[in-house]
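A.B. asks: Got a structure here, written out as structure tokens. Questions coming.
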Amino acid sequence: MYVYCLCVDLGANGPLKKKPRVLLIYAKDNAYHCNAVQCLALYLQQCCYCEVKFDQWFQDEIGDISALGWLLLQIGSVENVVVVNSEAGWRQCEGDGRNVAFHKIRRDTPLEDCFLFAIKELHGRRQRVFNVAFPYTHSSYFIDNIGIHAGRTYVLMRHIEDLVLDIQRLSKRDANGKKLALAVNASGYTRCREGQLLEAAIKQAGEFFLSNPDWFARSYYQKEERNELLLRHEHPIPVFDSGLGPSLDQLSITSNALTILLGNEGLGINFYYPPSSLGDDSNSLTISNIEEIFESMNADYENTY
């Protein structure tokens, strides 16, 4: 049984003394892709001597500070960022350049998809960024093709050894030319339980995408963004929006939400108000309604302060 199956012999490099912190950034294409990413996170954590930051493992923290807040904290504190390429991720980045946004029709996970926000946030930062992709993602969907990040894309698990060595800042051979002996490689990664789970997840996702070439069109809808102030009347959502999104046990406590989106930068501000404040028909949202809401908020603020 492997506790860490990373290094049998590190040669002149010496033993590893510190786990590199690794943040996984990925688009939530669907449940199959999310499962493959989670298995990759588990493999890096358990078998590659890494301290992995994977959003689905930190839902309590995200509930306290929001999904975007947690992501900003991680980007500011980790040394390494692994960007998992996928079709939905590429389409989000490509569409953003045309002022077009793609929204999920139905969430597969309770967490928000913050992929585009994370990619933008990485610009100008000093983190070491590693582009990776699973075999079921065609190379035309690698985001380095549209200038987000230049450099190599590691196709997993064919390039897993190179990826781990690069994250660990190790060379394949020591000063004497001796090759490092790793159990982390394309042929040996399934020797541990985590590797077997990862192999199965990649296979399952690959079978789905192969059998459903039109999956994106059935899972996302396209919306043209405008630079002026946008007003969007959302479906009822929980009064306490933690960034995790609505769950079945929360849907009994709902209110209407008015989301004000500023330009196409993805900045969202949620204002909550009882349904009665808009009249019986909550879909009849007008500018006068909005002005009344803000006047009421200003009056409350002046009376308080």
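The values are calculated or read from the model by the stated rules, or taken from the named source; none is laboratory data. Model, not experiment: these values are computed from the prediction. Note: ideal-geometry Cβ built from the backbone for every residue, glycine included; neighbour counts use all protein chains shown. Protein only, heavy atoms only, side chains kept; ligands, DNA and RNA dropped before computing areas. Shrake-Rupley method; radii C 1.70, N 1.55, O 1.52, S 1.80 Å.
A.B. asks: Roughly how much of Thr153 is accessible, in Å² to the nearest 10, using a 1.4 Å probe?
C.D. replies: 20
A.B. asks: Going by average Cβ density within 10 Å per residue, which order do the peptides 60-73, 19-32 take, highest to lowest? Could the numbers behind the result be given before it?
C.D. replies: Numbers: 60-73: 16.3, 19-32: 21.8.
By packing density, highest mean first, the sequence is 19-32, 60-73.
A.B. asks: Next question, about the same structure. Counting residues in segment 182-226 as N, plug N into 2.2 N^0.38 Å and put the Cα Rg over that result.
C.D. replies: Against the empirical 2.2 N^0.38 Å value, I get 1.80 for segment 182-226.
A.B. asks: Here is a further query. So what J values fall out for segment 31-40 if you push phi through Karplus, 6.51 cos²θ - 1.76 cosθ + 1.60 with θ = phi - 60°, rounded to Hz, Gly and Pro as x?
C.D. replies: Each residue of segment 31-40 in turn: 5, 5, 5, 4, 5, 5, 5, 5, 5, 5 Hz.
A.B. asks: Would you check the accessible area of Cys114, probe 1.4 Å, heavy atoms only, in square angstrom rounded to 10?
C.D. replies: Surface open to solvent at Cys114 totals about 20 Å².
A.B. asks: While we're here: Could you work out how far apart the two model spin labels at Asp108 and Ser211 are, taking each label as a point 7 Å from the Cα in the direction of the beta carbon, and quote it in nm?
C.D. replies: Going from the Asp108 label point to the Ser211 one covers 1.4 nm.
A.B. asks: Could you pull out every residue, at least 5 positions away or on a different chain, whose amide H is within less than 5 Å of the one on Val52? Hs are placed 1.01 Å off N in the peptide plane, and Pro or chain starts have none.
C.D. replies: For Val52, the qualifying residues are Val22.
A.B. asks: Next up: Could you tell me the accessible area of His159 in Å² (1.4 Å probe, neighbours in place), rounded to the nearest ten?
C.D. replies: 30
A.B. asks: If I model a spin label at His123 and Arg169 as a point 7 Å from the Cα along the Cα→Cβ vector, what separation in nanometres do I get?
C.D. replies: That separation, rounded to one decimal, is 2.9 nm.
A.B. asks: Let me ask something else. Which three numbers, in whole Å and largest first, are the semi-axes of the equivalent ellipsoid of segment 42-86 derived from its Cα gyration tensor as √(5λ)?
C.D. replies: Numbers: eigenvalues 76, 31, 23 Å².
After diagonalising the Cα gyration tensor, the semi-axes are 19, 13, 11 Å.
A.B. asks: Scaled to the compact-protein estimate 2.2 N^0.38 Å, what is the alpha-carbon radius of gyration of segment 74-163, rounded to two decimal places?
C.D. replies: Compactness ratio reported: 1.10.
A.B. asks: Can I ask one more? May I ask you to rank Lys53, Lys172 by accessible area, largest first, using a 1.4 Å probe over the protein chains only?
C.D. replies: Output order, biggest surface exposure first: Lys172, Lys53.
A.B. asks: Return the long-range amide H neighbours of Val100 (sequence gap of 5 or more, or a different chain), with a cut-off of under 5 Å between placed amide H atoms.
C.D. replies: Glu225
A.B. asks: For segment 96-104, just list the computed ³J(HN,Hα) in residue order, Karplus coefficients 6.51, -1.76 and 1.60, θ = phi - 60°, integers in Hz, with x standing in for Gly and Pro.
C.D. replies: My calculation for segment 96-104 gives 4, x, 10, 6, 10, 10, 10, 10, 6 Hz in order.
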